[in-house]
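The values are calculated or read from the model by the stated rules, or taken from the named source; none is laboratory data. Please read these numbers as outputs of a predicted model, since none were measured by experiment. Cβ placement follows ideal geometry from the backbone for every residue including glycine, while neighbour counts extend to all protein chains displayed. These area figures cover heavy atoms from the full protein model, side chains too; ligands, DNA and RNA do not enter into them. Shrake-Rupley method; radii C 1.70, N 1.55, O 1.52, S 1.80 Å.
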Amino acid sequence: MSLFYQLMLIYQDVFNPKYFLLLSAVLIVFYDWKNSSHDSRHLFGRLAVISACYAIGIETMDFLLQQVYAHSSSFPQYLEDFSAIAGMMLGLTLSVALWRKLGYGREVICGALGLIAVSVPYTAISYIWNISGHVTFTAAPVTYLTALDRRLAILYVIPAIMVLNRPVVGAHTVLQSVAGLILGISMMLVGVRCYRAGSCTTC
């Protein structure tokens, strides 16, 4: 096993969307707080909401996966993808509802809506074709973060390397990886457009 291959295995775990999405959410929360209030209590409240929604989503995903594993010794990749998306969608929906209820701002809401916009076509595509979720859901949050602050465009290195990573570790073809990059960026632009139009407080 070559050193490069070992590094790629580590890379796919370090930047697994399961964790990268939470890191991105924390950055967006900080930006949201910075632009609306500098009261540390408000920052703590925002982080608590995001953490709770994330935990609920992850627990839901784990429960669904356990059901899949319990009823089938072998199952197609799309079922695992569906379980992950279902958990994420629940967490996103809760975060949007609580963000609106608490009046925390628009950035997190727009980011969540952008991820939902990415998730719908991703779910449909993954049913018939094994598009890369690792690439899709690292490219999408980076696109939104870059919209908030152009200096964060450097983060595009993460999904760019992930495009290479997936074929190297044998998880996806090059085409499936590139398609994930295009999907993640293009559909997240819906959230970016919402943010720039300033319409997230009412959408």
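Under 10 Å, Cα contacts only: if you run a Gaussian network model on the chain, which one of VAL157, VAL190, VAL118 comes out with the highest mean-square fluctuation?
Of VAL157, VAL190, VAL118, the most mobile in the Gaussian network model is VAL157.
Would you work out which of GLY191, THR173, SER119 lies farthest towards the positive end of the dipole of the chain, given +1 charges on the beta-carbon of Lys and Arg and -1 on that of Asp and Glu, about the Cα centre?
GLY191
Summarise the accessible area of the chain (1.4 Å probe, protein heavy atoms) by the percent that is carbon and sulfur. Could you put the intermediate results ahead of the total?
Details: 7030 of 10320 Å².
Its accessible area is 68 percent carbon and sulfur atoms.
So how do 101-112, 168-179, 23-34 stack up, highest first, on mean other-Cβ count within 10 Å?
The packing order, highest mean first, is 101-112, 23-34, 168-179.
Report, in degrees rounded to the nearest 10, the 0 to 90 angle that the Cα long axis of helix 133-148 makes with the longest principal axis of the chain.
Roughly 30 degrees between the two axes.
Rank-order 6-15, 42-51, 78-87 by packing density, defined as the average count of other C-beta atoms within 10 Å over each peptide's residues, highest first.
Values: 6-15: 13.9, 42-51: 16.8, 78-87: 19.6.
Result, highest mean first: 78-87, 42-51, 6-15.
For Cα extents along the principal axes in Å, several values are listed as [x] 50, 39, 28; [y] 69, 35, 28; [z] 91, 35, 27; flag the one computed from this structure.
[x]
Just the number please: accessible area per residue for the chain, 1.4 Å probe, all protein chains included, in Å².
On the way: 10320 Å² over 203 residues.
With the other protein chains kept in place, the chain gives 51 Å² per residue.
Assigning unit charges at the beta carbon (Lys, Arg +1; Asp, Glu -1) and nothing else, what dipole magnitude in debye, to the nearest 20, does the chain show about its Cα centre? Numbers along the way, then the final one.
Details: 12 positive and 9 negative charges, 130 e Å.
Magnitude of the dipole: close to 620 debye.
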